[in-house]
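Heads up: the structure comes next, in structure tokens.
The values are calculated or read from the model by the stated rules, or taken from the named source; none is laboratory data. The structure displayed is predicted, hence computed values, not measured ones. Positions of Cβ are generated from backbone atoms using ideal geometry, with glycine treated the same way; all protein chains shown enter the neighbour counts. Heavy atoms of the whole protein, side chains included, go into the accessibility calculation; ligands, DNA and RNA do not. Shrake-Rupley method; radii C 1.70, N 1.55, O 1.52, S 1.80 Å.
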Amino acid sequence: MLELLDLRERRERLEPRRLEIDPHVSDTVRDIVRRVRDEGDDAVLDLALRFDGADLRERGLAVSPEEFAAAIDAIPSALRLALDGLIDRVADLHRRQVPLEWWDERDGVRFGERVTPVRAAGCYVPGGRAVYPSSVAMTVTPAFVAGVQEIVVTTPPRSDGSIHPEVLYAAKQAGATRVVKTGGAQAIAALALGTASVPAVDTVVGPGNAYVTEAKRQLNGVIGIDGLAGPTELVIVADATADPSYLATDLVAQAEHDPQAETTLISADPAVIEEVRQALEAEVVKAGRRDIVDVALANARAVLVADLEHAVEVVDGLAPEHLQVILVDPRAFALRVRNAGAVFLGNATSVPFGDYGVASNHVLPTGGTARFTSGLRTTAFLKTTSVVELEPRAARQLAREVSEIARSEGLGGHARAVEIRAERQDER
């Protein structure tokens, strides 16, 4: 628990844990995709029985209106209000991300960009270890804000063929148009290829297990994807202003997600690391998901760095999903960091606030991919299309330059297409 890695003398950067593809998983997913392509609903129903123990042949894959109504009645009012607040916060965040269309005109060229939503989107919501209405809100809400007409949620059913009421309520409130009782690679395949019960969509978002991730990888190009998700990651950078008991709870909070969760504490002060270690030992005893927490924290580490400049280098090398900064001046440190999915500043700002919609989406890049990509945004459901209109005089004026470049590239047809327009204008 919090294995010490002293880098003060070596000043090394650390490498993130990369997403590795298991050949067995890859082969299994390839077979599932083939079956869904060839057999449609029959394959999805068979796999639901095989993997989830749910016989859906009579009830069907799609959630009925009656099931939605029953879910609303089954949820305590306090939880309904909390989920409504979560969805409202996420909607407010994602409305701020909608890009604006624009138009301009210069020297006879009218040009601009149209912004249009995809026709249909799929939102994968994991099940299994826990119930995730928050993931419904995080994936469905930005699609709804973007103006997507058809939003399909897929999630693994329980063995009795039902979906958790919290998931159904969140889906309805966030704007989903359909919920389908299927999970795993077969859900991604059904969304990409379409079946009688699952409409084909244009893009699929949302985290899942290794099989879901591999299905997204194999079908990328048939559909758009948000990214390939790995186990959750947390890096904390702290000094003596940090409350050790706060940091201990933060480490446990991330560890309870997954046995493979990766948690790292970085400090230039050995005393901070020791205090957090002691607080963590006391906090783990109280953990509710102790079996998962113990496995995850067995790989947790504390990195002793030379100074804050070195800490920035270590953070950028790891490019973590979540970065928590508790320093005398956390904002100044955060402005120096290039690579992180989401950043949380100060003692009061625990990562779970972001997990539940306080100014952040929780679908974030993992495995070092924060070096080149962002968390889930409204733009994942939007396309930008360039629009160009030339007046005849503009075509004549630009033809010479365009023709010159086209012929230098050996593309005479391109050159001729613009030259003929200039010639016709000259004849007039």
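Descriptive notes on the structure:
- Of all residues in the range 389-416, exactly one satisfies the criterion of being in contact with a strand residue (DSSP E or B) (Cβ under 9 Å, 6 or more places away or on another chain) and either open to solvent by 90 Å² or more (accessible area, probe 1.4 Å) or of a type in the set (S, T, N, Q) (or both), namely GLU389.
- Of all residues in the range 186-206 being over 13 Å from THR154 (Cβ atoms) and touching a strand residue (DSSP E or B) at 6+ places or on another chain (Cβ under 8 Å), the one that is most open to solvent (accessible area, probe 1.4 Å): ASP202
- In the range 409-428, the residues that are modelled with pLDDT of 95 or more, part of a helix (DSSP H, G or I) and farther than 20 Å from GLU389 by Cβ: GLY412, GLY413, ALA415, ARG416
- If you go through the range 234-243 and keep only what is surrounded by fewer than 20 Cβ atoms within 10 Å (Cβ to Cβ) and under 25 Å from PRO16 (Cα atoms), you end up with just ASP239.
Here's the yes/no breakdown for (1) surrounded by fewer than 17 Cβ atoms within 10 Å (Cβ to Cβ); (2) farther than 23 Å from GLY183 by Cα; (3) among the small types (Gly, Ala, Ser):
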position: ALA54; (1), (2), (3): no, no, yes
position: LEU61; (1), (2), (3): no, no, no
position: SER64; (1), (2), (3): yes, no, yes
position: LEU79; (1), (2), (3): yes, yes, no
position: ASP84; (1), (2), (3): yes, yes, no
position: ARG89; (1), (2), (3): no, yes, no
position: HIS94; (1), (2), (3): no, yes, no
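- Residue within the range 256-266 that is open to solvent by less than 10 Å² (accessible area, probe 1.4 Å), part of a helix (DSSP H, G or I) and in contact (Cβ under 8 Å) with a residue 24 or more places away in the chain present: no
- Scanning the range 344-388 for residues that are free of Cβ contacts under 8 Å to residues at least 60 places away in the same chain, aliphatic (A, V, I, L, M) and surrounded by 21 or more Cβ atoms within 10 Å (Cβ to Cβ), we see that the one that is nearest to VAL315 (Cα to Cα) is ALA370.
- Counting only strands (runs of 3 or more DSSP E) wholly contained in the range 100-175, the ones carrying 1 or more residues that are surrounded by 21 or more Cβ atoms within 10 Å (Cβ to Cβ) occupy 120-124, 150-155.
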